[in-house]
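The values are calculated or read from the model by the stated rules, or taken from the named source; none is laboratory data. As the structure is a prediction and not an experimental result, all values here were calculated from the model. Because the Cβ atoms are built from the backbone with ideal geometry, glycine has one as well, and the counts that use them run over all protein chains shown. Keep in mind that these areas ignore ligands, DNA and RNA; they rest on the heavy atoms of the full protein, side chains included. Shrake-Rupley method; radii C 1.70, N 1.55, O 1.52, S 1.80 Å.
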Amino acid sequence: QVQLVESGGGLVQPGDSLRLSCEASGIRFSLNTMGWYRQAPGKQRELVAGITTYGTPIAYADSVNGRFTISRNNVKNTLYLQMNSLKPEDTAVYYCNARPPFGSWGQGTQVTVSS
């Protein structure tokens, strides 16, 4: 059974940084291309960043390119998203999943950027 547990979100001010984590279980994490996704209120879920099994970033949404960095630790079965220079438009619930995603999703972690 796939289990994805996201953490690290919070309420921050514009320009601040956050580091999200996602612990995966029930899958062979090291064999899966992974990604961070987000869903803002009233919008569809979108891919934010993707990373290969070896840890090479392969995709960033234009809106976050240069500010966000995706990484992974295959020993710890954990995916990370370092988010710098946060903007109000980054406000969303952030999820991790495979790329393409598994059928089930975790609960996500809320990121709110507001002054």
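Odds and ends about this structure:
- Some residue of region 6-13 being more than 15 Å from C96 (Cβ to Cβ), surrounded by fewer than 12 Cβ atoms within 10 Å (Cβ to Cβ) and β-branched (V, I, T): no
- Some residue of region 58-74 being of a type outside the set (F, W, Y), at pLDDT below 95 and in a strand (DSSP E or B): yes
- Note on region 50-75: among residues that are in contact with a strand residue (DSSP E or B) (Cβ under 8 Å, 6 or more places away or on another chain) and either charged (D, E, K, R) or touching a residue at least 60 places away in the same chain (Cβ under 8 Å) (or both), the one that is nearest to Q3 (Cα to Cα) is R72.
- So E23, is it closer than 19 Å to T109 by Cα, acidic (D, E) and open to solvent by less than 40 Å² (accessible area, probe 1.4 Å): no
- Hits in region 29-39 - residues which are open to solvent by less than 30 Å² (accessible area, probe 1.4 Å) and within 23 Å of S115 (Cα to Cα): R38
- Of the residues screened, G42 is not one that is farther than 25 Å from S114 by Cα and either free of Cβ contacts under 8 Å to residues at least 60 places away in the same chain or among the hydroxyl-bearing types (S, T, Y) (or both).
- Unmet criterion (only one of (1) touching a strand residue (DSSP E or B) at 6+ places or on another chain (Cβ under 7 Å); (2) over 15 Å from Q110 (Cβ atoms); (3) at pLDDT 95 or above) for Q44: (1)
So that you can scan it fast, the table gives a plain yes or no per residue for (1) surrounded by 16 or more Cβ atoms within 10 Å (Cβ to Cβ); (2) not acidic (D, E):
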| residue | (1), (2) |
| --- | --- |
| D16 | no, no |
| I27 | yes, yes |
| V48 | yes, yes |
| V75 | no, yes |
| T78 | yes, yes |
| Y94 | yes, yes |
| S114 | no, yes |
